[in-house]
Amino acid sequence: MPAATSAIELPYGRTTLALHADAGDGVDVLQSRLDTCAPPAGEAALVRDALARPIGSPTLRELAAGKRRVTILISDHTRPVPSKLLLPPMLAEIRAGAPAADITLLVATGCHRGSTPAELREKLGSDIFRREKIVMHDCDDRASLCAPGTLPSGTPLTLNRLAAGADLLVAEGFVEPHFFAGFSGGRKSVLPGVGGRESIMGNHCAEFIAHPAARAGVLDGNPIHRDMMRAADLARLAFIVNVVLGNNGRVIHAAAGAHGAAHRAGAAFLKNLCGVSHAPADIVVTTNGGHPLDQNIYQAVKGMTTAEALVRPGGVIIMLARCGDGHGGEEFHRTFKQAKTPAALLKRLLAAPREKTIPDQWQSQILARVLVKAKVIFVSGADAGLVRDFHLIPAATPDDALRMARGMIGKKTPDIVVVPNGVSAIVEQPPPDRPA
């Protein structure tokens, strides 16, 4: 009788694709526990409780007392921060302590384009959009920047004056695994959020991206995190409200208070849910978690780094990403299309001095690093020629990709690991005496 098969459903766009594995294949599925986390209270109650019990800080109301100029750093349209939920109680707390305060919502765009009015209205809600003073950060507007100091790396820090000059600076945000900053949230609202372009490029330089501690789930020893923390201190970021989102986009945890302590608390909660065991494999299958994170090849690099941490050198990564928007970055595309090999590209990028860092260089560097370690078969809706421009191997379905990967490995029974959502998983680091 033929071997029984089982289907593993993998997120893809707004739906799923099935990977079929025969019984006895020895497929190991590594799943984070974000999907099954049951929060102790509703979303609004979690936020209210965090504000009432801040970590390492007086309450926001107490901090606001006597302050005249208050700036709240808010996320832009590219981040799923539930601003409609976070901002009303934050604004109420500030106004309870300082009824006459001049409050500015400063959109922390980093190097992204500015959010449109429609995007802001959708993100903030009509009442806040209409009633509050909102300013868009522009990392290239030198007149809006000041220079409050130098980062531990030696990079000069430039920041938006509305942030650095506020009597009270606070921020909203969310914590998720980040493929080179360790975790999003906290200090990232300042750098890159409201930094000048040169400071952002310096923080994302090739030297730092290549550092072994610049990985998802790692804060200690991470040079990118270290500079970000110093930037937040120089900006005098006094208070944050950060949340953790489940895979359904709903708040499952909230932490508020001093930016370092509250961010660490959110990161610890998340790491406990997202940690998956280090299980080296010949073939690793993963995704970017579906929509909205798998809209282009640029974003798909994030999920690939989870597979990179698991795949053996010379192995194969199978990456699923819908990529309805194509490549996701002109410079990113051009860099790979012109590269003879990923190894040659990686060598060139690693030689780039910090001050010569260009936009999207970090994404190119990380993808090249992945491709030097393993082949990547890419299941997507993108044009096959475009996929090949990135030195990726196109495949139509997960099953087609698995057949191709088996042929490349050449083993009768290769080790296969499946990580259904690569961006919500943090691979535990192997002990120093155990090979990766």
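Which of the residues belonging to region 289-313 are modelled with pLDDT of 95 or more and not in a helix (DSSP H, G or I)?
Ala309, Leu310, Val311, Arg312, Pro313
Within region 352-372, track down each residue that is in a loop (DSSP other than H, G, I, E, B) and either at pLDDT 95 or above or touching a Phe, Trp or Tyr at 6+ places or on another chain (Cβ under 7 Å) (or both).
Scanning region 352-372 gives a single hit, Asp360.
Got a sec? Which of Ala232, Ala147, Ala163, Ala143 is farther than 30 Å from Glu62 by Cα, small (Gly, Ala, Ser) and either part of a helix (DSSP H, G or I) or in contact with a strand residue (DSSP E or B) (Cβ under 9 Å, 6 or more places away or on another chain) (or both)?
Result: Ala143 is the single residue among Ala232, Ala147, Ala163, Ala143 that is farther than 30 Å from Glu62 by Cα, small (Gly, Ala, Ser) and either part of a helix (DSSP H, G or I) or in contact with a strand residue (DSSP E or B) (Cβ under 9 Å, 6 or more places away or on another chain) (or both).
All but one of (1) modelled with pLDDT of 90 or more; (2) surrounded by 13 or more Cβ atoms within 10 Å (Cβ to Cβ); (3) within 30 Å of Asp102 (Cα to Cα) hold for Arg53; state the number of the condition that does not hold.
(2)
Residue-wise test of (1) exposed (fewer than 15 other Cβ atoms within 10 Å of the Cβ); (2) in contact with a Gly (Cβ under 6 Å, 6 or more places away or on another chain); (3) more than 27 Å from Arg113 (Cα to Cα).
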| residue | (1), (2), (3) |
| --- | --- |
| Ile358 | yes, no, no |
| Trp362 | no, no, no |
| Lys373 | no, no, yes |
| Asp383 | yes, no, no |
| Ile393 | no, no, yes |
| Leu402 | no, no, yes |
| Ala405 | no, no, yes |
| Asn421 | no, yes, yes |
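Search region 164-198 for residues being of a type in the set (Asp, Glu) and within 28 Å of Leu91 (Cα to Cα), and hand back the single one that is surrounded by the most Cβ atoms within 10 Å (Cβ to Cβ).
So the residue we want is Glu172.
So if I check each of Asp49, Asp25, Asp35, which one is farther than 22 Å from Lys271 by Cα, of a type in the set (Asp, Glu) and in contact (Cβ under 8 Å) with a residue 12 or more places away in the chain?
Selected residue: Asp25, the only one of Asp49, Asp25, Asp35 that is farther than 22 Å from Lys271 by Cα, of a type in the set (Asp, Glu) and in contact (Cβ under 8 Å) with a residue 12 or more places away in the chain.
What about Lys347, is it surrounded by fewer than 14 Cβ atoms within 10 Å (Cβ to Cβ) and either in contact (Cβ under 8 Å) with a residue 40 or more places away in the chain or outside any loop (DSSP other than H, G, I, E, B) (or both)?
Taking the combined requirement at face value, the residue satisfies it.
Could you please let me know if Ala309 is over 19 Å from Phe180 (Cα atoms) and of a type in the set (Gly, Ala, Ser)?
For Ala309, the condition - over 19 Å from Phe180 (Cα atoms) and of a type in the set (Gly, Ala, Ser) - is not met.
Which one of these is farther than 24 Å from Gly257 by Cα and either crowded, with 22+ Cβ neighbours inside 10 Å or out of contact with any Pro (no Cβ under 9 Å at 6 or more places or on another chain) (or both): Arg131, Arg161?
When all the criteria are applied, what remains is Arg131.
Scan region 186-242 residue by residue and report those that are touching a His at 6+ places or on another chain (Cβ under 8 Å) and aromatic (Phe, Trp, Tyr).
Phe239
Could you please give the count of residues in region 118-170 that are more than 17 Å from Arg187 (Cβ to Cβ) and out of contact with any helix residue (DSSP H, G or I) (no Cβ under 8 Å at 6 or more places or on another chain)?
The total comes to 16.
The values are calculated or read from the model by the stated rules, or taken from the named source; none is laboratory data. Remember, predicted model here, so these are calculated numbers, not experimental data. Cβ sites come from the backbone with ideal geometry, for glycine too, and all protein chains shown count toward neighbours.
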